[in-house]
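Novice: Sharing a structure here in structure tokens format.
The values are calculated or read from the model by the stated rules, or taken from the named source; none is laboratory data. Fair warning: this is a prediction, and the values are worked out from it, not measured in the lab. Cβ coordinates were reconstructed from backbone atoms using ideal geometry, including for glycine residues, and neighbour counts include every protein chain displayed. Just the protein is used for accessible areas: all its heavy atoms, side chains included, with ligands, DNA and RNA removed. Shrake-Rupley method; radii C 1.70, N 1.55, O 1.52, S 1.80 Å.
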Amino acid sequence: MSDESEDDLILADLPDDELVQQMFDDLYDGLKPEIEEAVHILLDRGWAPYDILTKALVGGMTIVGRDFRDGILFVPEVLLAAGAMKGGMAILKPLLAETGAPRVGKMVIGTVKGDIHDIGKNLVSMMMEGAGFEVVDIGINNAVEKYLAALETEKPDILGMSALLTTTMPYMKVVIDTMAAQGIRDEYIVLVGGAPLNEEFGRAIGADAYCRDAAVAVETAKSFMARKHNQMATA
Amino acid sequence: MAGAAGRLTDSAPPARVLVVACGALAREITALQRAYGWDHLTLVCLPAILHNRPERIPSAVADTIAARRAGHDRVFVAYADCGTGGRLAALCDDLGATMIDAPHCYAFYEGAAAFRDHADEIDAFYLTDFLARQFDAFVWEPLGLDRHPRLRDMYFGHYTKLVYLAQTDDPALTARAADAADRLGLGFERRFTGFGELGDWIARA
């Protein structure tokens, strides 16, 4: 999507709709400084932080996610785009808290014991935050005790677990079984993800859903939250 | 390896075995085949780069078995799980084929017992001879590190060392593996494994 002729583009000269479109392109190309500049421009123009997040940043990352799913973009490009979005979110995050942006739900997320891979988890965390979830990331190599402590402390709606290795993914069942043994399994929505997983595995270990990628994780989480709210409304 | 030698001295002709193998094992299996005279094996290798998209391995194996199975008594799939999350094992069950019972090639090169001893070595990035030889094509470039070196720590920030599991004593390959460790910003350790349990698996095929 990059274009040599865009080198001289002055972002501040663009009207809002063209600037947002340009942000989509810059996210796609992983241009963090340009994204940060554009976020500041929109803030100066009076845009609400939540609108910048959802309409420009999440909108752009949705295109990135779609092209990743379709095999047009690959992991390196997605990471660069994520880095650019992270730059924009760092500016918006304190402002979102101040302006009382809507909160869809809360998630605790971490990579399971024995596994130090966190690229997928970090993408999910970022996209969940972009979608209005509060995310508590407990990092990598988490034993069941650490998950349980985070659930107790943070009281989230959702527990997310990630694993990249065939050898570590069975540990998700250890966590879910422990939750069941303690009688707290049904208090949480449990979402799992990672390259070697699939839907069948997710069902077999007793998760609520397997999420193929970050975009699916966001949609699945939103869908479960909506159901939860509906249940509460009809209870 | 005694099993293989025993089979070859039996009076009955050995069963014809189709071996569908990961291309990353081609050199090693060919060397074993030559060393032990395993003429009853038909070796068909799939592109090793499938490892970068493990979800595509089962269908590639299934297609190859369907195309090449005729004329063979048995099928052996010379893959470990290799990130397929059990899908390759399920496929082998369905097709009546056998495969290597291990999570990946690092495990059967080291041997199950030694690998278990290293179960807590979660911060090690492994290379084999194949990967030492093909580091740029299979690691550096697919991860985009040739174009975007700043991504290195996003991928490898939690690793502390590169462990080179050497199938052969080759100073040039050791130097390449050490160079890979340096480029990734990791410590370096070399462990000689030889072909580990690979020969036993093929002998039992």
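Novice: If only one of B:E189, B:E121 is over 17 Å from A:L165 (Cα atoms), over 15 Å from the mean Cα position of the chain (by Cα) and not in a helix (DSSP H, G or I), which one is it? Full working, then the answer.
Specialist: On the way: B:E121 fails: over 17 Å from A:L165 (Cα atoms).
None of the others qualify; the one that does is B:E189.
Novice: Going residue by residue through region A:116-128, is there one that turns out to be without any contact (Cβ under 8 Å) to a residue 40 or more places away in the chain and closer than 29 Å to B:R152 by Cβ?
Specialist: In the first step, residues of region A:116-128 are kept if they are without any contact (Cβ under 8 Å) to a residue 40 or more places away in the chain; the result is A:116, A:125.
Now narrow it down to the ones that are closer than 29 Å to B:R152 by Cβ: A:116, A:125.
Yes, region A:116-128 contains at least one residue that is without any contact (Cβ under 8 Å) to a residue 40 or more places away in the chain and closer than 29 Å to B:R152 by Cβ.
Novice: What is the one condition in (1) within 14 Å of chain B (Cβ to nearest Cβ); (2) of a type in the set (K, R); (3) more than 27 Å from A:R227 (Cα to Cα) that A:R45 does not satisfy?
Specialist: (1)
Novice: Are any of the residues in region B:84-95 within 14 Å of chain A (Cβ to nearest Cβ), of a type in the set (S, T, N, Q) and out of contact with any Gly (no Cβ under 7 Å at 6 or more places or on another chain)?
Specialist: Yes: one or more hits.
Novice: Quick one: which residue in A:E129, A:E134, A:E145, A:E152 is acidic (D, E) and either assigned to a strand (DSSP E or B) or at positive phi (or both)? Let's see the steps before the verdict.
Specialist: Working: A:E129 fails: either assigned to a strand (DSSP E or B) or at positive phi (or both); A:E145 fails: either assigned to a strand (DSSP E or B) or at positive phi (or both); A:E152 fails: either assigned to a strand (DSSP E or B) or at positive phi (or both).
Exactly one of A:E129, A:E134, A:E145, A:E152 is acidic (D, E) and either assigned to a strand (DSSP E or B) or at positive phi (or both), namely A:E134.
Novice: When only residues in region A:169-215 that are part of a helix (DSSP H, G or I), aliphatic (A, V, I, L, M) and open to solvent by 40 Å² or more (accessible area, probe 1.4 Å) count, which is nearest to A:D118 (Cα to Cα)?
Specialist: Ranking the qualifying residues of region A:169-215, first place goes to A:A215.
Novice: Does B:V61 count as free of Cβ contacts under 8 Å to residues at least 40 places away in the same chain, within 17 Å of the chain's Cα centre (by Cα) and more than 14 Å from chain A (Cβ to nearest Cβ)?
Specialist: In short, no.
Novice: Give B:A114, B:A78, B:A97 a once-over and let me know the one that is modelled with pLDDT of 95 or more, over 22 Å from B:N52 (Cβ atoms) and of a type in the set (G, A, S).
Specialist: Details: B:A114 fails: modelled with pLDDT of 95 or more; B:A78 fails: over 22 Å from B:N52 (Cβ atoms).
That would be B:A97, the only listed residue that is modelled with pLDDT of 95 or more, over 22 Å from B:N52 (Cβ atoms) and of a type in the set (G, A, S).
Novice: Out of all the residues in region A:69-87, which are open to solvent by 10 Å² or more (accessible area, probe 1.4 Å), closer than 13 Å to B:R147 by Cβ and either away from every other protein chain (no Cβ under 12 Å) or in a helix (DSSP H, G or I) (or both)?
Specialist: Listed by number, the residues that qualify are A:V75, A:E77, A:L80.
Novice: Restricting the search to region B:105-129, which residues are surrounded by fewer than 20 Cβ atoms within 10 Å (Cβ to Cβ), more than 13 Å from chain A (Cβ to nearest Cβ) and not aliphatic (A, V, I, L, M)?
Specialist: B:G111, B:D117 - these are the residues of region B:105-129 that are surrounded by fewer than 20 Cβ atoms within 10 Å (Cβ to Cβ), more than 13 Å from chain A (Cβ to nearest Cβ) and not aliphatic (A, V, I, L, M).
Novice: Given B:A80, B:A132, which one is buried (at least 21 other Cβ atoms within 10 Å of the Cβ), within 10 Å of chain A (Cβ to nearest Cβ) and not polar (S, T, N, Q)? Please lay out each step first, then the result.
Specialist: Working: B:A132 fails: within 10 Å of chain A (Cβ to nearest Cβ).
Just a single option satisfies the conditions, and that option is B:A80.
Novice: On to the next question. What number of residues within region B:149-160 satisfy the criterion of being closer than 18 Å to B:Y106 by Cα and open to solvent by 50 Å² or more (accessible area, probe 1.4 Å)?
Specialist: From region B:149-160, those closer than 18 Å to B:Y106 by Cα are B:159-160; that's our starting set.
Filter once more, so that each one left must be open to solvent by 50 Å² or more (accessible area, probe 1.4 Å): B:160.
Of the residues in region B:149-160, 1 are closer than 18 Å to B:Y106 by Cα and open to solvent by 50 Å² or more (accessible area, probe 1.4 Å).
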